[in-house]
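Worksheet: the structure to be examined is printed underneath.
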Amino acid sequence: MKGGLSTQQIGQESMFLVKHADNLPLVNGRVVYLAGSTGQNKTVRYAHAISEATSSTTFGVMTESATSGGTAFCTTFGYVRDINTSNLKEGGLVWLSASVSPDSVGALTAVRPQAPNHGVLIGLCVRKHANNGILYVSIQNGYELNELHDVYISNLKNKQVIAYSYRDWE
């Protein structure tokens, strides 16, 4: 790919050139969400599972790093290689972390975050390794009840119950 730092397996991966929305550095192996565009590039920020705003548009995993204001490739589907997956389980599911400490925003975890945090499945750990880890990215999002396509919830109050009412629309 452009710059020579990433190799794309044609037909097996989808990668996009992105820029950090706040002109901060981008770090290889970190999860990002869509924040907008500059007219030429998609802009991203580091994702975390603590809120709808920072998890609902989870976009991909950075495939390379970039300095402040620079662009880098992000994998939205396929393999990300040569990253640290030592905290993951080989063959296990990989989730977006709820951690917001500066060193771990956009981090991967082997443990699904508990509610009220958001469960965003990032993919699968193919190879567990500190430097040569491999992650298969296939993002799945929308596990919260009010994100279901046939559920509308407004003015939610504590201890309310959801009931289903079937209507014959024919």
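Among the residues of the stretch 136-160, write down those that are within 24 Å of GLY91 (Cβ to Cβ), at pLDDT 75 or above and in a loop (DSSP other than H, G, I, E, B). Even if it seems obvious, please write down each step before you answer.
Narrowing the stretch 136-160 to residues within 24 Å of GLY91 (Cβ to Cβ): 136-141, 143.
From the residues that got through so far, the ones that are at pLDDT 75 or above too are 136-141.
Listed by number, the list holds a single entry, ASN141.
Is it the case that the stretch 54-64 has a residue that's touching a helix residue (DSSP H, G or I) at 6+ places or on another chain (Cβ under 9 Å) and over 11 Å from ARG30 (Cα atoms)?
Initially, the stretch 54-64 is screened for residues touching a helix residue (DSSP H, G or I) at 6+ places or on another chain (Cβ under 9 Å), giving 56.
Add one more test, that the residue is over 11 Å from ARG30 (Cα atoms), and what stays is 56.
The answer is yes; a qualifying residue exists.
Could you say whether any residue in the stretch 87-94 is of a type outside the set (Asp, Glu), in contact (Cβ under 8 Å) with a residue 24 or more places away in the chain, surrounded by fewer than 23 Cβ atoms within 10 Å (Cβ to Cβ) and over 25 Å from GLY142 (Cβ atoms)? No. Taken as a whole, the condition of being open to solvent by less than 10 Å² (accessible area, probe 1.4 Å), at pLDDT below 95, assigned to a loop (DSSP other than H, G, I, E, B) and among the hydroxyl-bearing types (Ser, Thr, Tyr) does not apply to SER104.
So which of THR71, THR75, THR67, THR85 is modelled with pLDDT of 90 or more and in contact with a Phe, Trp or Tyr (Cβ under 9 Å, 6 or more places away or on another chain)?
Details: THR71 fails: in contact with a Phe, Trp or Tyr (Cβ under 9 Å, 6 or more places away or on another chain); THR67 fails: in contact with a Phe, Trp or Tyr (Cβ under 9 Å, 6 or more places away or on another chain); THR85 fails: in contact with a Phe, Trp or Tyr (Cβ under 9 Å, 6 or more places away or on another chain).
On inspection, the qualifying residue turns out to be THR75.
The set of residues in the stretch 68-86 being in a loop (DSSP other than H, G, I, E, B), open to solvent by less than 60 Å² (accessible area, probe 1.4 Å) and under 16 Å from LYS19 (Cβ atoms) consists of GLY69, GLY70.
Tell me, which strands (runs of 3 or more DSSP E) lie completely within the stretch 9-67 with 2 or more residues that are surrounded by fewer than 18 Cβ atoms within 10 Å (Cβ to Cβ) and in contact (Cβ under 8 Å) with a residue 40 or more places away in the chain? Show your work before the answer.
Details: elements: 14-20, 31-37, 42-46, 58-62.
It comes to 14-20.
The values are calculated or read from the model by the stated rules, or taken from the named source; none is laboratory data. This one's a predicted model, so the numbers in the text were calculated from it and none came from an experiment. Cβ coordinates were reconstructed from backbone atoms using ideal geometry, including for glycine residues, and neighbour counts include every protein chain displayed. Surface areas here come from the heavy atoms of the whole protein model, side chains and all, with no ligands, DNA or RNA. Shrake-Rupley method; radii C 1.70, N 1.55, O 1.52, S 1.80 Å.
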